[in-house]
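The values are calculated or read from the model by the stated rules, or taken from the named source; none is laboratory data. Quick caveat: nothing in here was measured; it's all calculated off a predicted structure. Cβ placement follows ideal geometry from the backbone for every residue including glycine, while neighbour counts extend to all protein chains displayed. SASA here: full protein model, heavy atoms, side chains in, ligands and nucleic acids out. Shrake-Rupley method; radii C 1.70, N 1.55, O 1.52, S 1.80 Å.
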Amino acid sequence: KSKTIQGAAKAEALLERMMERSEHNQDSNDNGFVAAKPDVVSYNSLMNAWSQSGEEDGVSKAEDLVAFLESDDAPINPDSVTYNIMMNTYANQVGEYGYAQKAEDILLLMTALQKDGKNSIHPGTLSFNIVLKAWKNSGGGVESAKRAEDILRLMIKLYMDGHYDVKPDKISFQTVVHAYMKHGENGTLTEDIANRLEGIIQVLLDESGDLSLVRGIVSGTVNKTLEGIRNSGLPDAGDRAKRILDSMIKARDAGKTMDAPDAMAFASVMNAYLSNPTTLHKGRLMMEDMMQGEYPVLPTTYSLNNILHIFCKQEDVGSASDLFKKMTQLASEKGYNTMPDIATFNMMANLYFQSKNKDSAAMAFSLLGQLEESFDAKTLKELDPFVYNVVVHKLAQSENPIFREKSFDVLMRMVERSDARQLKKDPETYVYNMVLSSITKRYSAEGAQKALDLLQLMQTRVQERQSRALPDILSYSHVLASLSRAMNKDSAKRIVEIVDTIQKEEENGKNAMQIDNIVFETALQGLSDPKYGDKKLSHELLQRMLKLAKSGHTRVEPRSLCLNLVLKAQCSDLDASEERIVAFDVHRYLMDLVKLYDNGSIKVLPSQVGFNTVLNSWAGARHWKAYRKAEDIYSTMERLSASGAKNVSPDQFTNALMLRIYANSGKKKTAKRAIKFFNKLNDKDLDTFTYNCMLILLSRSGIDGKVEKARSILKVMENKRLVNIASYNTVLNACVYSDDSKKQNILPLALQTYNELIAFGSPNETSFELVVRACNSVSVQDEDVSHLKKIFHDACEKGMLNKKVANELKRCLPNKKKREEIIGYSLDGDIQKSWQRNTEQ
């Protein structure tokens, strides 16, 4: 009975000892005791041991024993059990067609031996059932199932003819049904197989004499058949299942069977209907009829759970929610045994979790409340953590901050229920981590404190042996993220303390703690905060990373992001007076990192983001050396990129920052360097932002012909469709601040730029103010002022005549009478509201 090869071998050795001793007819000590002779039970037991051993040779071993017992030299003859064991050995060989035929051959042999008067051979129901099992397990496909059906029909005929020892039982019928279900094409039933299954039910009810009166045969066979029909995927599966159910009800009413359809049968029929969108309405009607008591079987939690499973599988939140409510209503109003059980709640929780419905988080939270109410009212025997875990996960993922907050509340309810021994398990670490993840999305000091408190709760509960939910690396990472996203004056210190804790836990052998560069990057995010960052601590963390990496901790090898954040931290917490000093310091820091890379001490460099951070520091410093320092950084980036370093080549932001730094100088010499720099840039790398930076530089410079140069760039931008309103306004600004000696030539350029801007379609208040100022900066002659009328009417039409534009027009036309003559209005007093409807005023 051990079902092992060792057990079979020991049984064989024991039988050999029995045979050896029986030959001497006494024991080994010659005490005169008669030795036990092996009998047929002995041989059958050994056969059964080999049959169940799972050994490849088990079949041949059993065959050898049968051959021995059938030989003339055998002291005893095989009996029915011998042949049944041999057939069962064949039947257990799944997927082998030949073994089923061998089993059937033995059954024919037993029949022949019985006819020859062998009294020990009696093929009965068990023998036939074993052969049915062999055909069910064979690899012959649907033909094997058909052969099993033929043998079943033979059993029925023999029984009807008076051979009562081969009376088919429920195993006989269910084995044949299972054979058809198993041998359907690609795991599904064909129409032909479904017809045959219906035929088997018909034979059982109408053509098998009193077999249908045996309790359990009809219900077992019908339920097995309905299971196959339900899962067949046939378009008429529901109608087929309903026909079988109706025939069973009819047979019951006619007294042909003792079995009545049970809840499982009705559930299978409804599932068959509900699984098909075209027959969904029939399933719903049947479900309603059953709940109204129209059928002999009342709904139960089990049967309705089967239907609920279909709705959940179809992600039909509305139907599932309605059925869930109906289950409670039927139990309370009609006393049906339909109260939702833990399986019901689990299915609903999983449905709400997967649903994209905007109200699914609220539904999940409400479901948890109903679960607890049912448990407290003792209508639910247990609280399963699954529902809590799913609801926490759903709430934590919600886009709604109110529901994210509720994930924390649900976790606290879990802790409370666990402490009261009402929940089977304490919340596990991953549940705490889901809540911590939701807290990181708060970006507030309150959220950061809540994350710290939750981490402390985890640690305390473990220390007091109330929980095994140890904080892991993810727990600490979430807390670090919360602190980094809501920095205050104490956050930097706490961040470093958490990093220290993680490192210490790993050194103490905690498997859940493996510090890596993600932990350091998260910490550095906070330490690089513009207001509450700490450049000293960020530098110390980087040095720690380098030390750990050097000692073999490859997981903490700094990445470019780490270096970028450290550079950003060096620029944090600045007063305006410190900007120039900091620019020099962060520049040195960057170049030190480059030296470390060049000599092989570090494997990565800051990316363009890091280099741009330092350039941005120089842009804010406005130091006379800024442009030279920027050129030093730019040439370093080009050198490193040419040598094969990745992600360090100057990008569009780099170019724009360079132009901004040149522009801040305000010197002609610097402007010329900027133009030279700009002309060297690859045309593909120039975007709107970079072009506009160049326009700003020209606007601020004092170089000759700056307006013409700005107009030339503007034309390129228009052709490339990279122009925006800022581009036009910057060129107009260049016109305003052009060289006095050439202002008479500037006005046509300013008006041309203005007309292009109007055609572009989006001037703003600044546009009108600048173009009028450009007009005002030129000596006004009678023939020069006709354009002012158009500018005035354009501003009025677009609702952008603010006080500054009006005042500039008055400065251009100081004579009130002249003003009224040219533009039609004096502009004295309040401006009409419609003229300034789109202004900030």
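Here are a few things to note about the model shown:
- Taking label points 7 Å from Cα along the Cα-to-Cβ direction, Gln354 and Trp624 give a separation of 7.3 nm.
- Gyration tensor (alpha-carbon) shape descriptor, the stretch 447-533, a/c threshold 1.5: oblate
- Difference of contour (0.36 nm per residue) and Cα-Cα distance, Lys510 to Glu821: 103.1 nm
- Fully extending the segment from Val462 to Ala9, taken as 0.36 nm per residue of separation minus the present Cα-Cα distance, adds 157.9 nm.
- Acute angle (nearest 10 degrees) that the helix 217-230 long axis makes with the longest principal axis of the chain, alpha-carbon atoms: 30
- Angle between the chain longest axis and helix 97-115 axis [Cα atoms, degrees, rounded to 10]: 20
- Size of the stretch 59-157 as Cα extents on the principal axes (Å, biggest first): 43, 32, 15
- Within the straight-line cut-off of under 16 Å between alpha carbons, the lysines reachable from Lys804 are Lys833, sequence neighbours fewer than 8 places apart in one chain being disregarded.
- The stretch 390-544 - percent of accessible surface contributed by carbon and sulfur, probe 1.4 Å: 47
- Extension gain, Lys833 back to Asp239 (0.36 nm per residue minus Cα-Cα distance, nm): 206.4 nm
- Two-site FRET efficiency, Met591 against Asn647, from Cβ-Cβ distance with R₀ of 22 Å, rounded to 0.05: 0.75
- Helix 170-182 vs. the chain, principal-axis angle (Cα, 0 to 90°, nearest 10): 40
- Helix-only CD estimate at 222 nm, as mean residue ellipticity for the chain, using -39500 (n - 2.57) per DSSP H run (n ≥ 4): -21500 deg cm²/dmol
- Within straight-line cross-link reach of Lys170, aspartates and glutamates at Cα separation under 17 Å, skipping those fewer than 8 residues along the same chain: Glu149, Asp150, Glu198, Asp206, Glu207, Asp210, Glu227, Asp259, Asp262
- Computed in the context of the full set of protein chains, the accessible area of the stretch 251-293 at 1.4 Å probe radius has 56% of its extent on carbon or sulfur.
- Shape class for the stretch 706-841: oblate, because the ratio a/c of the largest to smallest gyration tensor axis (alpha-carbon atoms, square roots of eigenvalues) is 1.5 or more and b/c is at least a/b.
- For Leu423, the amide hydrogen comes within under 5 Å of the amide hydrogens of Ser418, counting only partners 5 or more places away or on other chains and with H modelled in the peptide plane.
- Lys, Arg +1 and Asp, Glu -1 on Cβ, resulting dipole of the chain about Cα centre, debye, nearest 20: 5760
- Shape call, the stretch 439-497: gyration tensor on alpha carbons, a/c limit 1.5: prolate
- Spacing of the modelled spin labels on Ala260 and Lys1, each 7 Å from Cα toward Cβ, amounts to 4.0 nm.
- Convex hull volume per residue for the stretch 104-191, taking Cα atoms only, in Å³: 89
- Relative contact order, percent, the stretch 70-174 [alpha-carbon distance under 8 Å, six or more residues apart]: 27
- In order along the stretch 366-376, phi translates into HN-Hα couplings of 5, 4, 4, x, 5, 4, 5, 4, 5, 5, 5 Hz, rounded to whole numbers, per the Karplus curve 6.51 cos²θ - 1.76 cosθ + 1.60 with θ = phi - 60° and x for Gly and Pro.
- Efficiency of FRET from Cβ geometry, Glu333 and Arg215, R₀ 30 Å, rounded to 0.05: 0.35
- Proximal lysine pairs, the stretch 374-516, alpha carbons under 20 Å, eight or more residues apart or interchain: 14
- Probe 1.4 Å, protein heavy atoms only - accessible area per residue of the chain in square angstrom: 49
- Hz values of 3J(HN,Hα) by residue in the stretch 50-60 - Karplus curve (6.51, -1.76, 1.60), Gly and Pro given as x: 5, 4, 9, 6, x, 6, 4, 7, x, 5, 5
- When the stretch 271-349 is reduced to its Cα atoms, the Kirkwood hydrodynamic radius in Å: 12.5
- Two-site label geometry, Gln449 and Thr636: point separation in nm, points 7 Å out along Cα→Cβ: 4.2
- Of the peptides 658-671, 516-529, the ranking by mean beta-carbon count within 10 Å, highest at the top, reads 516-529, 658-671.
- Calculated over the stretch 688-767: convex hull of Cα atoms, volume per residue (Å³): 78
- Share of pairwise Cα separations in the chain, more than 39 Å, in percent: 68
- Listed peptides 371-377, 236-242, 723-729 appear in the order 236-242, 723-729, 371-377 once ranked by packing, highest mean of other Cβ atoms within 10 Å at the front.
- Per atom type, the stretch 69-216 shows carbon and sulfur on 49% of its accessible surface, probed at 1.4 Å.
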